[in-house]
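Since the structure comes first, as structure tokens, the remarks are kept for the end.
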Amino acid sequence: MEVILGIAIILIKILTIFGVTMFIAGWTTWVERKIIGDMQFRVGVERTGPYGLMQPMADGLKLFFKESIVPDGCDRVTYELAPVLALVPAIMSIAIVPFAGSADSFKIFGQTPFIAANINIGILFLFAWSSLSPYGMIFAGWSSNNKYSLLGALRSAALVISYEIPFGFSIIGILMIVGSLNLIDIVNAQGSYHWFIYRQPVAALVFFISIVAETNRPPFDLSEAESELVAGYFTEYAGMRFSLFFLGEYIMLFVISSMFTVFFLGGWHGPFISYDVVNNTWVQAIPGIGILWFVIKSYFIVFVYMWLRASLPRIRYDQMMSFCWKVLLPLSILNIFTTALLNLDKL
Amino acid sequence: MDHPYLPILILMFFAFIFTVVTIIMSDLARPSKPNAEKNSTYECGAPIFTDARGMVSVKYYIIAMLFLLFDVEAAFLYPWAINYDKETLGLFGFVEIVIFIAILLVGYFYAWRKEAFEWES
């Protein structure tokens, strides 16, 4: 009985967080179309529901009932596996998103609230799952037997693994200061106002450029450069299989933006959250206010993504690769050394 | 029932079931009328002249090897960064990591001089 109750509570928590993330991911497409529409002096979506708010729902339903075309000469097993491999890592990475903090003693039926899995290797878990995403790309590109798909897959896989290195290196400075891989510890180490964005500005810059490239967003969207590669690695996908790629991309967009919030913008901290010296915990003056700050900060990063998309032209592939290896990588290693030297008194 | 990895296991089951069930349900609901034209590989309307799976530029292999090198370095740096304090590492740990990164940087500059990061050539 105890076991069933425990699993039921975990399931409820997971379903809530999953539902919230799905909602955010779906309506991010609406936000993106509206913002880019406004920036280009267009109206954007407006027909379905007030302000076109039901557009993501309509798109989802349409894709659900669309025919799925299996191209000739495709490798069936990898072709079917690729959308699953693209979406599952994205769903898995929401497990470690800390929407808000709570006192260590505060638990609902033995579960830490506001975070699906409070594990002590949080950031390694994210890296592990995001490293799996090139498999989805390569499988999709290779199995389709389409030249555009294969070129797009090769490009994006090489891009993602290249940018993974500055992505991983840039936060080592923070780990040195905090001394923990747990995301809640990292957020609490920043307190209300000592955000890492001004204690580690170089790392923040490198991290931000890397996450834009990691999520294959403009101006680094070379894998799906519409003007040259049609749609990149998912050119041959249609219907629900296509929408799984799409969904994975938007979930990853939100998760990665929230990671920027966790590492550099102080997570859920903000006004009305103060440190209780007596009990040695952070106290939210208004319950749930932390979630609001967290979503606002993360959504600001999502907005910057869209801002970049509306402002910047696409960068050439060779420029991107040499920028990663010749500029970002040395910069992130330099950042590790500088942080180590500045924190020599810790030794 | 408060093992921290239990939610991850459940989420993993859930993620796989969600994706597979969505695809299967969509397959049951959608129409399916394939024909030769529709199923042919998309190549902007032009007839297909070769198989897509040809040879791949050696650049990608070089990038993959360099990635392995630096990713292993990152895997070593993470535990080091966590233990950057008096009790575990001390000054010895700092000197060690300087030597470790210096050795890797030699390889990095070698790759740079060998034009591994140039895509035009």
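Just so it is clear, none of the values below were taken in a lab; they were calculated from the coordinates. Since we're looking at a predicted model, the values are computed, not measured. Cβ atoms come from the backbone with ideal geometry, glycine included; neighbour counts cover every protein chain shown.
Global size of the stretch A:59-102: 16.1, 54 Å for Rg and Dmax (C-alpha atoms, Rg to one decimal, Dmax whole). Multiplying each eigenvalue of the alpha-carbon gyration tensor of the stretch A:106-249 by 5 and taking the square root yields semi-axes of 34, 19, 12 Å, largest first, rounded to whole angstroms. Under the membrane-span-like helix rule (DSSP H runs whose alpha carbons stretch at least 24 Å along the helix axis, mean Kyte-Doolittle hydropathy 1.6 or higher), chain B yields B:6-29, B:90-113. Here the spin labels are modelled as points 7 Å beyond Cα on the Cα-Cβ line, and at A:Ile296 and B:Ala102 they lie 4.9 nm apart. Between B:Glu120 and A:Phe337, the FRET efficiency estimated from the beta carbon spacing at R0 = 30 angstrom works out to 0.45.
When chain A is treated as a GNM, springs tying every alpha-carbon pair under 10 Å, which of A:Val212, A:Val277, A:Val327 comes out with the largest mean-square fluctuation? Checking each option, the largest mean-square fluctuation is seen for A:Val277. Take each residue of peptide A:67-75, count the partner chain Cβ atoms within 10 Å of its Cβ, and average: the result is 5. Pairwise Cα distances in the stretch B:58-113 exceed 16 Å in 51 percent of cases. In whole angstrom, the stretch B:1-120 maps to an equivalent ellipsoid with semi-axes of 46, 32, 7, each derived as √(5λ) from the alpha carbon gyration tensor and ordered largest first. Each of B:Arg53, A:Arg316 has some number of other Cβ atoms within 10 Å of its Cβ, and from fewest to most they run A:Arg316, B:Arg53. Dipole magnitude for the protein assembly as shown: computed about the Cα centre from +1 point charges on Lys and Arg Cβ and -1 point charges on Asp and Glu Cβ, it is near 660 debye.
Set the Förster radius R0 to 51 Å, insert the Cβ-Cβ distance between A:Ser274 and B:Met55 as r into 1/(1 + (r/R0)^6), and round the FRET efficiency to 0.05. Using R0 = 51 Å, I get an efficiency of 0.25.
What's the whole-number percent of alpha carbon pairs in the stretch A:111-177 lying beyond 19 angstrom? When every Cα pair of the stretch A:111-177 is considered, 51 percent fall beyond 19 Å.
Let me confirm one metric for peptide A:312-322, namely the mean number of other chain beta-carbon atoms within 10 Å of its residues' beta-carbons. Mean partner shielding for this stretch: 2. Taking only Cα atoms, what is the 0 to 90° angle, nearest 10, from helix A:201-214's long axis to the longest principal axis of chain A? Value to nearest ten degrees: 30. Calculated over the stretch A:186-330, the projected area of the Cα convex hull averaged across directions stands at 11.1 nm². Take every pair of alpha-carbon atoms less than 8 Å apart whose residues are at least six positions apart; their mean separation over the length of the stretch A:22-83 yields a relative contact order of 22 percent. Computed over every Cα-Cα pair of the stretch A:1-150 and binned at 5 Å starting from 0, the pair-distance distribution P(r) comes out as 2, 8, 11, 13, 14, 15, 15, 12, 7, 3, 1, 0 percent. For the pairs B:Lys38/B:Lys59; A:Lys66/A:Lys147; A:Lys326/B:Lys86; A:Lys34/A:Lys66; A:Lys147/B:Lys38, flag any whose C-alpha to C-alpha distance is greater than 27 Å. Listed pairs above 27 Å: B:Lys38/B:Lys59; A:Lys326/B:Lys86. Taken residue by residue and averaged, Cβ atoms of other chains lying within 10 Å of the Cβ of A:12-20 number 2.
What the Cβ-Cβ distance of A:Tyr193 and A:Trp307 gives, at R0 = 25 Å and to the nearest 0.05, is a FRET efficiency of 0.50. When the Cα positions of B:Phe70, B:Thr88, B:Tyr108 are compared along the charge dipole of the stretch B:58-113, B:Tyr108 comes out farthest toward the positive end, with charges on each C-beta of Lys, Arg, Asp and Glu. Hey, for a label at A:Thr281 modelled as a point 7 Å past Cα toward Cβ, could you say which residues of the stretch B:1-38 have their backbone N under 20 Å away? Hits in the stretch B:1-38 for A:Thr281 at 20 Å: B:1-4. Here the stretch B:28-107 and the stretch A:279-347 have alpha carbon centers that stand 21 Å from each other.
Each 20 Å bin from 0 upward holds the following percent of the Cα-Cα pairs of the protein assembly as shown: 22, 56, 21, 1. All Cα-Cα separations within the stretch A:253-303 were binned at 5 Å from zero, giving a P(r) of 5, 23, 26, 20, 14, 8, 3, 1, each value a whole percent of the pairs.
A straight line joining the Cα centroids of the stretch A:50-75 and the stretch A:177-221 runs 34 Å. When the alpha-carbon atoms of the stretch A:258-347 are used, the pair Rg, Dmax equals 19.0, 56 angstrom.
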